[in-house]
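Read the figures in this text as sums done on the coordinates, not as results from a lab. The model shown is predicted, which means the values in this text are computed figures rather than measured ones. As a convention, Cβ positions derive from the backbone with ideal geometry for all residues, glycine included, and neighbour counts pool all protein chains shown.
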Amino acid sequence: MPRNFLIFLILMVIVITPGTICTADVSKVYYNGYAFNPNFVPSGMLPYEAGWSHGALFSAPNWLLEQINPDEMSTVLDRGPTPVPTEVPQDYDTYIAEGYAALQAGNYREAYAAYFNAKEIKPTSSDAGYGMAIALEKQNRYLSSLDAYTQAIADSHGAAFNWASYAGKGRVLYALHRHGEAKFALETAIAQYEKAGVSYPNEREELNKLLHVINQKIGNQNPVFYSAYIPPMFSGNNE
C-alpha cells in the first residue's frame, strides 16, 4: 500500500471520528463518558429516557437524583455520616416553667427532670428544690421527697419562701407515720405562713385539717419535741 495512501486514511479517521462524536444527541446525559444508549443498561439500574447522571452519587439515574433534597446534608446515597442534631441548652427559667407545666399536667417524672435540670444550673435554688420535692411526693417517693424538702428549707431565705416546704415536709412525715415530727413541721409551716403575710386560704385550711388529724392520733400522749431538721433518733438528751 503506497505510503501516501496510508497517511490519507489516517487523516480521514482523525477527521471523521470527532464528527461522529459531535453528532451524538447533546440532549442526552452521558454515563461515565459514554453516550446514552437505551440498549446499554448499567448494572443495578433501569433505562430511562432522561438518561443517566454524570457519575455523581454512585452514578445514580436522574429520576432518583430529582427526589433528593439538596438542602439536606446527608441522604441515603451520601457517603458521609448523618449529622446529629445538637440540643441547645435551656436556661434556668425555662426549666422552672417546664417543671411547673408538667406538675399541672400530672407528669411528675417530667416535672422532676425539669426541676433537677434547673437545680443543676442553680444548685442553691429553693424553687427548684421545692419543685423536685413535690414531684417526688406525688410519686409516693417519701424518703427522697423528705430529703428534698429539707434541702429546700435550707436553701430558702425568709418565711415567704420556706413555709410551703415546711408544709410539704409535714405531709411527707405524716405519710411515714412520724406524727410527732409532722406536727412540728406543720406548726412551723403555719407560723411561717402567718409571718410571711401571704394569702393562700385553701392551703392554710389544709394545714389546719392535717394538724388536727395528727393531734387526734397523738392523743393524750406526752408531747416530745422534735426538730424539723434532726431525725427523731438524734433528738432529746443523750446520756
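Spin-label pair Glu205-Ala160: with each label point 7 Å from Cα along the Cα-Cβ axis, the two points sit 2.6 nm from one another.
Residue-wise HN-Hα couplings along the stretch 177-193, as the Karplus relation 6.51 cos²θ - 1.76 cosθ + 1.60 with θ = phi - 60° gives them from phi, are 6, 9, 5, x, 5, 4, 4, 5, 5, 5, 5, 5, 4, 5, 5, 5, 4 Hz; Gly and Pro carry x. Remark: Ile134, Ile218, Ile96 ranked as Ile218, Ile96, Ile134, counting other beta-carbon atoms within 10 Å and listing the fewest first. For the pair Ala105 and Ala191, the difference between a 0.36 nm per residue extended length and the Cα-Cα distance amounts to 27.9 nm.
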